[in-house]
Amino acid sequence: ALEFRDVEAFDARHAVVLAIGEGEASRVYRTDDGGASWTESFRNTDPNAFYDCMAFFDRRHGLAMGDPVDGRFRILSTSDGGRSWRVLPPAGMPPALDGEAGFAASGQCLVTSGSRDAWLATGGGARARVLHSADRGLTWTATDTPVPAGDPARGVFALAFRDRGHGLAVGGDYGAGQPSPKAAAVTRDGGRTWQPAATPPPAYRSGAAWLPHSRSSALAVGPTGTDLTTDGGRTWRTIDTGSYDTVSCTPDLGCWAAGEQGRVARLER
């Protein structure tokens, strides 16, 4: 009954997966034989905690993000490739807004770039925010985004950074048939400021990824379609109407999307 929402693969044999949910439903597993066997490396024992997303800086150092506990987002850290984890001190995390949380829809509410920078996305509160850490999760600063919030179903669902400066945020309202204006934003200064897309995706989007080796093209996916930007997130156009929850691109020019009922697709060029 575990819900696996995030996988971080280092190569064909080594990967870490995150199961999400309240209490012990939040777990981390690691494989060293291409998925033939898995070892549990973390099980949440706090009934108030709920982990959403996971991201790695390199093969050894990574973070996992959980919804606020005692008013602050909870961060797990590993320095051995996901074989062991520890909860980081909460002192460096700013207070969460009332109702604020992360969205586990795509496993992209927490992302990294380089060896030390990480960003996490929020929703559900009065404002949709992005929090940035430049020291592998020890301290964080929060910035408001123009993505609509003010409802438990609204906010930033996914982030994608192509380097330390340039990033995308996508989201909206995941309620079926609900309008999602201003459902995308862009930053050029590492998340210190965010500007709304001039032409955003037409509906809620839960996943995003930069195209390999591109400085201006990226994909956003959601239940009602896939959108493409070729100008760094300023404008988006729909290129497919299939339902997907998450998307990822690799340096070998492959882009893969996954969605409900085991749906998997590869981008054709």
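The values are calculated or read from the model by the stated rules, or taken from the named source; none is laboratory data. Given the structure is predicted, the values throughout are model-derived calculations rather than measurements. Positions of Cβ are backbone-derived with ideal geometry, glycine not excepted, and every protein chain shown enters the neighbour counts.
For segment 58-111, taking the residues that are of a type in the set (D, E) and assigned to a loop (DSSP other than H, G, I, E, B), the one that is farthest from A15 (Cα to Cα) is identified as D98. Being in the same structural domain as E22 (by TED's automatic domain parsing) and not aliphatic (A, V, I, L, M) is a description that does not apply to G123. Kindly check whether there is at least one residue in segment 156-176 that is touching a residue at least 40 places away in the same chain (Cβ under 8 Å) and in contact with a helix residue (DSSP H, G or I) (Cβ under 8 Å, 6 or more places away or on another chain). Within segment 156-176, none of the residues are touching a residue at least 40 places away in the same chain (Cβ under 8 Å) and in contact with a helix residue (DSSP H, G or I) (Cβ under 8 Å, 6 or more places away or on another chain). Just name the residue that is surrounded by the fewest Cβ atoms within 10 Å (Cβ to Cβ) out of those in segment 33-53 that are more than 14 Å from S84 (Cβ to Cβ) and among the acidic types (D, E). Within segment 33-53, the match that is surrounded by the fewest Cβ atoms within 10 Å (Cβ to Cβ) is D33.
Taking the criterion of being of a type in the set (A, V, I, L, M), touching a Ser or Thr at 6+ places or on another chain (Cβ under 6 Å) and either free of Cβ contacts under 8 Å to residues at least 12 places away in the same chain or outside the structural domain of A158 (by TED's automatic domain parsing) (or both), no residue of segment 89-118 qualifies. Exactly one residue out of R72, R86 is without any contact (Cβ under 8 Å) to a residue 24 or more places away in the chain and either assigned by TED's automatic domain parsing to the domain that holds A149 or more than 16 Å from the chain's Cα centre (by Cα) (or both), and it is R86.
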